[in-house]
1. Can you confirm whether A:VAL70 is crowded, with 22+ Cβ neighbours inside 10 Å and either under 19 Å from A:LYS266 (Cα atoms) or among the small types (Gly, Ala, Ser) (or both)?
2. Please work out which one of (1) touching a Phe, Trp or Tyr at 6+ places or on another chain (Cβ under 9 Å); (2) farther than 30 Å from A:GLY343 by Cα; (3) within 14 Å of chain B (Cβ to nearest Cβ) is the condition A:GLY573 fails and give its number.
3. Only one of B:ALA114, B:ALA109, B:ALA149 is away from chain A (no Cβ under 12 Å) and either of a type outside the set (A, V, I, L, M) or crowded, with 22+ Cβ neighbours inside 10 Å (or both). Can you tell me which?
4. Residue under question is A:LEU730, and the condition is that it be crowded, with 24+ Cβ neighbours inside 10 Å, touching a residue at least 24 places away in the same chain (Cβ under 8 Å) and either of a type outside the set (A, V, I, L, M) or under 24 Å from A:HIS184 (Cβ atoms) (or both); does it hold?
5. If I ask for residues that are within 15 Å of B:PHE6 (Cβ to Cβ), away from chain A (no Cβ under 12 Å) and part of a strand (DSSP E or B), which ones from the range B:39-72 would you list?
6. If I ask for residues that are among the small types (Gly, Ala, Ser), away from every other protein chain (no Cβ under 14 Å) and surrounded by fewer than 24 Cβ atoms within 10 Å (Cβ to Cβ), which ones from the range A:641-689 would you list?
7. Being on the phi > 0 side of the Ramachandran plot, within 8 Å of another protein chain (Cβ to nearest Cβ) and within 13 Å of the chain's Cα centre (by Cα) is the requirement here; does B:GLY79 meet it?
Amino acid sequence: MSKRSKKSDRWVGQSMIRVDGDGKVRGRTQYLNDIPYKGVWQGVVVRTPVAHGILKAVTLDPAFDWSQVVVATAEDIPGENIVHMHDRTMPLLAAVGGEIKYRGEPVAVVAAPTLALAQEAARHITVTADELPALLTLPEAIKIYKSAPKKFDTMQSKRIVKGDVAKGFALADEIITGEYWAGHQEQLYLENQGVVVFPQQDGSIWAEGSLQCPYFPVHELNDALRLPPEKIRVRQTPVGGAFGGKEEYPTMLIGYAALPALKSGKPVKITYERNEDILFTPKRHPVWVRYKTGVKKDGTFTAIECDFVIDGGAYLTISDVVMFRGILHCALAYRCENVIVRGEVARTHSFPSGAFRGFGAPQAVWGMESHLDVVAARLGKKPDELRLQLHARPGDITPTGQVLSSENGSTACLQLALKRSDFARKLKESSRGRLKRGQQKLRGIGMSFFGHGAAFTGDGEANFKAKGRVELALLEDGQPGVNIRVSSVEMGQGVHTVLTQIVADAMQIGPERIRYPMADTGLVPNSGPTVASRTTMVVGNVVHRAAGDLKAQLEAFAAEKFFKGKACELRTGKFVVKGTRAIPFAKVAQAMLTECQNISGKFEFLLPPEIQWDQGTFVGDAYPGYSWGVNIAEVEVDALTCEVAVKRVAAVFDIGTVINPVSASGQVEGGLTQALGYTIMEKLGTGKDGLYDATRLQTYIIPTILDVPEFDVSFVEYPYSFAPPGAKGLGEIPMDGLAPAIANAIAAATGRRINQIPITPEVIYQALHADSKGTP
Amino acid sequence: MKHITFQLNGSARSVWVGPNETLLDVLRGKLGIKTPKEGCGRGDCGACTVLLDGKAVRSCLILAVEVEGQSVTTLEGVGQKGPTALQKAFIENNVFQCGFCAPGVILAASALLAENPKPSEAEVREALAGNLCRCTGYEPIVKTVLAVAKKTARQSTSRRVRS
């Protein structure tokens, strides 16, 4: 089943074979649409025809036969018409007489025994609305932010203040400003969204689906469905990719499916097809970020002033925390005594933006790392030298006043990446807009440096107290083993494998005796949502401690029953006491299972008491720990066609302890590839009709196997010692920094600074043929 | 409706199909064959790839009536007596993450190696250009296919030497 190097008796640090690999490679993994449910009806969502207006009527065609169909509207909501996310403003369904705030807002859910009938019925429902003027895009909102700030409609504001920027600007030799834009990005998990809701006899519901956060619906649909948490049970099916896209949205989808299910008593499944999934699920927040920086001639920052505005869409959902994470990363990576960062969540009449790998950090890093190269160019400094000079390192104080610990590989990341990429030489050889004779391609190299706060923002983990259990059980072969019981879901990132490795080491039993069943809120304690690069770090620590607890219980039992009270130790599958014969795990476990019930180890995650955070003032320790990274991109820009080819990417990360090196590299390469798409390919705007302007994979272009560069991925390990085995966040940081590295490389190649992504050939063409020179 | 007969994973199967039903719909909806996945339904993603007379095709773009008399292979029909060398290597190298693209990638790569046992890296990339993967960045897929091709070539060479 597994491979482990002969040199080590530990599983952590080994590239153990994925526990879900066999099922996926041999086609035995059943995703939601592969499961042969019987008697399940299919649901279809009916939506608003305008982006802004008043909903006049929802009319059912009297000529249609409605006897085989159930239709649920806002009137059928058992409780309050609300999805309780970070605020309580968003209705589950738009109600007649109410305000429509975005195009495609759900109005009704139709369910029928077949999808064809449900779709046919949906076509016989007419939704009418009185249209009102709509504000659809971030550029429109920013125009107001700049010209009439009092009229700017924000859903959440937050400031970070350190020192005194006015004083800082007074000390500056130069003041350098820049504005940077980024568009929407679609997660484009290959398995579309889908859930099925089974109404139960006692009025409760049981939902299954492709989702990241099984406990979210349990706590967010209570008011709408008028069901207490214990009457909403949610189980994950194997997830065919998520990337944040299945964080908050499946709650709504379960809410939609629950309405016709509760009304009819039939189980109802809703699965989206690709175009519906692209049009009507949340995207990465578009951003506008403006930097004003005061610098000394020697390169030091005297002040950083930053405005960070994201497009939240029509409802807040989770955008406040996306903005928080964004502003916490806007000035994280460099030394500066005087900082002010202002964050806003703009309200527009567009689909509510949502979670996507990075969660605000990629937008912040895009701005900061583009701007740093602008600063370097203005000062006549090399971008690598300026970063080596200014980067945050142990003992430095972040904009929120957090002292960076020594568990910080920022300097090591920079040094290793610069060396591996031969940066200095290649920068010197960059084209700077000049083609040599016979050349058609402009060449350039660019870099970025960044940190990523691991786990929940601010006091999130302290308040949440992630819970987990490792329980002794008879496995399917009738022999004893353990079950890992946490709510963290496997969505491709490898959590089933890495937590198995962690438990194997902590328990000292082989991974073949460890199972990690699919998360089911009826069976698992709440270890939290599978988000925020927190699972290996936080939940990994929870199962490490819980396994240790279970091991101690087994050892106490074994000492009493098998070793006449002498203390024993469970080591590599055997209970040992010096001078006596070892007893295998199975024998002791079997005896304990016969004598005792509900044997399990438990743990609840706590942060060290010195970690302090003030959510009101945004002062204190913003994250329990930080991962660090450097990305270096080499590009070729075709001077004739303006196409950009990213040829090579060197990436170095400090993610603390690397649990499974092969899987970690795979996750990094995948994240870098999504970031590649974000930077040069994936373009998604909003049309005048309020709909996204790309609806399928021929218009929303993601990287194929022909588009990816050569990757050179390495890790430096500075473990998070408070939470053994010492992982910091990995999931998101590969998405954070490639966009500015590529833009900086394009600047080195073309001599032109491009301050918006995606950088399509059209954008390059305009930059190369603009009358006035851009800032290199 | 038309009654069609074709070879499915080595056995003859007969089924009634409508004129507008795709092979993907018939496999998944009528024949219980679930490894071809629907990722887009219009030939963009490759998740529904199957082999039609040994060639990799997108089953969402093939009408079921077209396969009359032909041979269709899905992942259910690959490695029935244990994983193939390619599957073993994909498992050992932790290649896939979410796994949703895996059936299509494995079939497309199998078709390539059957036709061209010693592909260059460019040929591997060309053969898999129609299979989207959002998790891996493709690097481990390319490396694994090339490694399996190299190993198979070495083994067949040594067999020839022995005989």
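1. yes
2. Of the numbered conditions (1) touching a Phe, Trp or Tyr at 6+ places or on another chain (Cβ under 9 Å); (2) farther than 30 Å from A:GLY343 by Cα; (3) within 14 Å of chain B (Cβ to nearest Cβ), the odd one out for A:GLY573 is (3).
3. When all the criteria are applied, what remains is B:ALA149.
4. No; evaluated as a whole, the condition is false for this residue.
5. Filtering the range B:39-72 for residues within 15 Å of B:PHE6 (Cβ to Cβ) gives B:50-55, B:57, B:59, B:62-72.
If we keep only those that are away from chain A (no Cβ under 12 Å) too, we end up with B:51-55, B:57, B:59, B:62-72.
Result: B:LEU51, B:LEU52, B:LYS55, B:VAL57, B:LEU63, B:SER71, B:VAL72.
6. Of all residues in the range A:641-689, those among the small types (Gly, Ala, Ser) come to A:645, A:650-651, A:656, A:663-666, A:670-671, A:675, A:677, A:685, A:687.
Then drop every residue that is not away from every other protein chain (no Cβ under 14 Å), which leaves A:656, A:685, A:687.
A:GLY685, A:GLY687 - these are the residues of the range A:641-689 that are among the small types (Gly, Ala, Ser), away from every other protein chain (no Cβ under 14 Å) and surrounded by fewer than 24 Cβ atoms within 10 Å (Cβ to Cβ).
7. Yes; evaluated as a whole, the condition is true for this residue.
Conditions tested, residue by residue: (1) under 21 Å from the mean Cα position of the chain (by Cα); (2) not assigned by TED's automatic domain parsing to the domain that holds A:LEU390.
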{"position": "A:ARG233", "(1), (2)": "no, yes"}
{"position": "A:GLY245", "(1), (2)": "yes, yes"}
{"position": "A:LEU259", "(1), (2)": "no, yes"}
{"position": "A:PHE301", "(1), (2)": "no, no"}
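The values are calculated or read from the model by the stated rules, or taken from the named source; none is laboratory data. None of the values given here were measured: they were computed from a predicted structure. Cβ sites come from the backbone with ideal geometry, for glycine too, and all protein chains shown count toward neighbours.
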